[in-house]
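The values are calculated or read from the model by the stated rules, or taken from the named source; none is laboratory data. All figures in this text were calculated on a predicted structure; none of them were measured in a lab. Note: ideal-geometry Cβ built from the backbone for every residue, glycine included; neighbour counts use all protein chains shown.
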Amino acid sequence: MIGVLQFYQTNIAPVVRFFIPLAGPLILWIGLVRAGLSPKARMIGLLVTGLLLVWWVASDLLGRTGFYTQHWDVMRPVGWMIAILCVIPLMRSATVAAALDAVPLWVLPILQVYRGGGGLTWFGLVAAGRVSASFGLVAGTGDTLVGILAVATGIYLYSGARGARVIAIAWNVFGLLDFAAAFIVGSFVPYSLPYPAVMIPAFFAPLSVDLHALSLRQLIRAGKRERGAQTLANAKIA
């Protein structure tokens with residue numbers, strides 16, 4: 001097990017830390033282009049991409065310099081506050097909604113396979129004595145399950161099977177509850193993480209909350225479109 005954790009930290013984790021912040025804007029731009037890249041859509045795409053990259057780079061610099069580790073009690077809520085401030089306008093934007101409609105439903109869930117790697121990191125921190133088992137095992141178990149189920153959910157959505165959207169909504173809710181549980185437990189169990197592990201609660205976990213919220217919006221809109229089409233078809237038959 002220790003060998004698996006070391007292999008992940010050495011060979012896979014650096015790729016994940018670089019890929020995920022870039023994958024989000026890439027998916028957004030694909031959706032914007034497929035929905036018709038209007039001047040307004042281009043402006044929103046540039047704004048969202050810029051804000052995400054600034055958030056990522058700033059978080060990484062604060063992590064590398066040890067600022068997060070030294071001031072974690074104060075900085076712990078910052079990433080979550082940024083995520084909430086970002087997701088509110090994204091959830092209300094008609095342009096973002098159109099982009100989501102143009103992206104396959106399975107993309108956002110399967111992107112969160114990286115949560116499984118986060119779970120391995122938490123287990124490694126527990127094994128190394130960096131965090132208490134009472135917190136690390138809660139966070140690690142939840143993240144690992146969400147990461148594994150992300151693949152299953154993505155495949156199920158891709159198959160177009162009946163009930164796939166309901167399963168995906170349940171997976172998103174489970175992913176959000178996992179963060180809520182870890183955040184609550186972490187509030188009562190003091191912990192401090194070195195870089196790069198600190199990037200999980202400082203950046204990647206808050207980013208995942210936004211991905212869950214956008215996936216839920218996409219799934220709900222898809223359900224409304226399907227019900228509308230079905231109602232129209234029934235009206236024509238009648």
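Take THR65 and decide whether it is of a type in the set (Ser, Thr, Tyr) and touching a helix residue (DSSP H, G or I) at 6+ places or on another chain (Cβ under 9 Å).
no
Which residue pairs have Cβ atoms under 7 Å apart, sit 6 or more places apart or on different chains, and have a first residue in the stretch 115-133 that is in a loop (DSSP other than H, G, I, E, B) and a second that is surrounded by fewer than 22 Cβ atoms within 10 Å (Cβ to Cβ) and of a type in the set (D, E, K, R)?
Close Cβ pairs satisfying both conditions: none exist.
Is there a residue in the stretch 213-223 that is assigned to a helix (DSSP H, G or I), at pLDDT below 80 and surrounded by fewer than 15 Cβ atoms within 10 Å (Cβ to Cβ)?
No: the stretch 213-223 contains no residue that is assigned to a helix (DSSP H, G or I), at pLDDT below 80 and surrounded by fewer than 15 Cβ atoms within 10 Å (Cβ to Cβ).
Give the number of residues within the stretch 10-54 that are closer than 16 Å to PRO196 by Cβ and of a type outside the set (Lys, Arg).
Within the stretch 10-54, residues that are closer than 16 Å to PRO196 by Cβ and of a type outside the set (Lys, Arg) number 11.
Among the residues in the stretch 90-98, are any under 30 Å from GLY45 (Cβ atoms), among the β-branched types (Val, Ile, Thr) and within 15 Å of the chain's Cα centre (by Cα)?
Within the stretch 90-98, none of the residues are under 30 Å from GLY45 (Cβ atoms), among the β-branched types (Val, Ile, Thr) and within 15 Å of the chain's Cα centre (by Cα).
For the subset of the stretch 99-117 comprising residues that are among the hydrophobic types (A, V, I, L, M, F, W, C) and more than 17 Å from THR153 (Cα to Cα), which member is farthest from the chain's Cα centre (by Cα)?
By that ranking, first place goes to ALA102.
Can you run down the residue pairs with Cβ atoms below 6 Å, 6 or more apart or on separate chains, where the first is in the stretch 176-204 and farther than 20 Å from ILE84 by Cα and the partner is in a loop (DSSP other than H, G, I, E, B) and of a type outside the set (Gly, Ala, Ser)?
If the second residue must be in a loop (DSSP other than H, G, I, E, B) and of a type outside the set (Gly, Ala, Ser), the pairs left are TYR191/VAL131.
Before we move on, is GLY50 exposed (fewer than 12 other Cβ atoms within 10 Å of the Cβ), of a type in the set (Gly, Ala, Ser) and part of a helix (DSSP H, G or I)?
Spelling it out, GLY50 is indeed exposed (fewer than 12 other Cβ atoms within 10 Å of the Cβ), of a type in the set (Gly, Ala, Ser) and part of a helix (DSSP H, G or I).
List the number of the failed condition for ASP101; all other conditions in (1) more than 22 Å from ILE220 (Cα to Cα); (2) among the charged types (D, E, K, R); (3) touching a residue at least 24 places away in the same chain (Cβ under 8 Å) hold.
It fails just one condition, (1).
Being surrounded by fewer than 23 Cβ atoms within 10 Å (Cβ to Cβ) and either closer than 18 Å to ASP210 by Cα or hydrophobic (A, V, I, L, M, F, W, C) (or both) is the filter here; which residues of the stretch 132-141 pass it?
ALA133, PHE135, LEU137, VAL138
Is there any pair with a first residue in the stretch 8-32 that is more than 14 Å from VAL107 (Cα to Cα) and a second that is among the aromatic types (Phe, Trp, Tyr) whose Cβ atoms are under 6 Å apart and which are 6 or more apart or on different chains, and what are they?
Partner pairs satisfying both residue conditions: VAL16/TYR114; PRO21/TRP56.
Would you pick out the residues in the stretch 67-97 that are under 12 Å from SER192 (Cβ atoms) and either touching a Phe, Trp or Tyr at 6+ places or on another chain (Cβ under 6 Å) or not in a helix (DSSP H, G or I) (or both)?
Correct list: HIS71, MET75, ARG76.
Those residues that are crowded, with 23+ Cβ neighbours inside 10 Å and farther than 19 Å from ILE12 by Cβ, I need them from the stretch 106-130; list them, please.
LEU108, PRO109
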